[in-house]
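For reference, the structure is listed below as structure tokens.
The values are calculated or read from the model by the stated rules, or taken from the named source; none is laboratory data. On a predicted model such as this, the values are computed, not experimentally measured, just so you know. Reconstructed Cβ throughout: ideal geometry from the backbone, glycine too, with neighbour counts over all protein chains shown. SASA here: full protein model, heavy atoms, side chains in, ligands and nucleic acids out. Shrake-Rupley method; radii C 1.70, N 1.55, O 1.52, S 1.80 Å.
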Amino acid sequence: MLLEGKRAIVTGGSRGIGSAIVVEFARQGADVVLGYFGENDSGYGRASAVDGVVAEVEALGRRCVPVEGNIGEPATAAKLVDAAVTAFGGVDVLSSNAGICPFHGFLDMPPEILQRTVAVNLEGAFYICQAAANRMKAQGTGGAIVATSSISALVGGGMQTHYTPTKAGLHSLMQSTAIALGPHGIRCNSVMPGAILTDLNREDLEDEEKLAYFSKRIPLGRIGQPRDVATCVAFLASDMAAYVTGASLLVDGGMFVNLQ
Ligand SMILES: NC(=O)C1=CN([C@@H]2O[C@H](COP(=O)(O)OP(=O)(O)OC[C@H]3O[C@@H](n4cnc5c(N)ncnc54)[C@H](O)[C@@H]3O)[C@@H](O)[C@H]2O)C=CC1
Ligand SMILES: C[C@H](O)[C@@H]1OC(=O)[C@H](O)[C@@H]1O
């Protein structure tokens, strides 16, 4: 097992990629604090999903503590770290994964959508990385942070002008925190998923033309599944990647490199 006895926090762990990360971490031997957001945020939160993830973790013989809160607020980061300390005695691994992507055109982008996307995707990641890193530093035994960036850190999207800069920002945040935290033995990396079928893009991929285009552009011939990303996050979080920091790993079936 890659994460035997590790104490982890996963944000956005109730559904999609995050829930797959929670379960993969448990499969690899970790106990997990699962961060999620409740019912009232743009339809993305869905507290009932959490129970299913907790049950899956427990069936694997590990512990899972759900913690609700808006990751865009600094207090949520403290709440997540406190929960890990109370339940497990500390934090060794952070998967900063929570994110939203409310598709919208550029010219009429409401400031509220821009501000919320930046607050959740970028500021939220900053706060939880900072809080977890401070705890890891105090423990004195190092740690691993893996942010869920995106292929969108590298390429644009006409309906994602508010979103892609947050994903480029996460890539940059992991590069800078790798430098700031390396002396404390804390590694910081990111995964860059391509098109992974989740609630985030379910509606977008209902557009058959778009789905056909994506599928054609992916050399491995299929849209990604959450576990495709989760196994890579587990690898980067583990000692198998002990000399990897400041790196980003595309998990996109080859979509990015496929120009022609
Ligand atoms: N689905 C895809 O194709 C891709 C997704 N990503 C990234 O992967 C991450 C996970 O996305 P998906 O699993 O696809 O989405 P999802 O919509 O299935 O899950 C989102 C998760 O984030 C949580 N969340 C939403 N708003 C929150 C808030 N304000 N505070 C705390 N938690 C909040 C939800 O509770 C949920 O657990 C995101 O950062 C997304 O940008 C990156 C590349 C591709
Ligand atoms: C929302 C998307 O369809 C998905 O998310 C991303 O980060 C990439 O832009 C993918 O297309």
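Of the numbered conditions (1) more than 12 Å from ligand 1 (Cβ to nearest atom); (2) closer than 24 Å to Lys137 by Cα; (3) among the charged types (D, E, K, R), Lys79 satisfies every one except a single condition; which is it?
Condition not satisfied by Lys79: (1).
Quick check on this structure: which one of Phe37, Phe25 is open to solvent by 10 Å² or more (accessible area, probe 1.4 Å) and among the aromatic types (Phe, Trp, Tyr)? Don't jump to the end; show me each part of the working.
Working: Phe25 fails: open to solvent by 10 Å² or more (accessible area, probe 1.4 Å).
Residue meeting the stated conditions: Phe37.
Can you name the residue in the range 214-226 that is of a type in the set (D, E, K, R) and surrounded by fewer than 15 Cβ atoms within 10 Å (Cβ to Cβ) and is also farthest from ligand 1 (Cβ to nearest atom) among such residues?
Step by step, filter the range 214-226, then rank; the result is Lys216.
Which residues, taken from the range 193-213, are of a type in the set (A, V, I, L, M, F, W, C) and more than 9 Å from ligand 1 (Cβ to nearest atom)?
Leu211, Ala212
With respect to the numbered conditions (1) touching a residue at least 12 places away in the same chain (Cβ under 8 Å); (2) over 22 Å from Ile145 (Cα atoms); (3) open to solvent by 50 Å² or more (accessible area, probe 1.4 Å), which one is the sole condition not fulfilled by Leu250?
Here Leu250 meets the rest and fails (2).
Here is a list: Gly89, Gly69, Gly61. Which entry is closer than 27 Å to Gln225 by Cβ and either modelled with pLDDT of 95 or more or of a type in the set (Val, Ile, Thr) (or both)? Steps first, answer last, please.
On the way: Gly89 fails: closer than 27 Å to Gln225 by Cβ; Gly69 fails: closer than 27 Å to Gln225 by Cβ.
After applying the criteria, what remains is Gly61.
Restricted to the range 60-93, and to residues that are touching a residue at least 40 places away in the same chain (Cβ under 8 Å), assigned to a loop (DSSP other than H, G, I, E, B) and within 15 Å of Gly29 (Cα to Cα), which residue is least open to solvent (accessible area, probe 1.4 Å)?
Per the criteria, the residue is Val91.
Could you tell me whether Asp199 is acidic (Asp, Glu) and under 22 Å from Gly18 (Cβ atoms)?
Values: acidic (Asp, Glu): yes; under 22 Å from Gly18 (Cβ atoms): yes.
Answer is yes for this residue.
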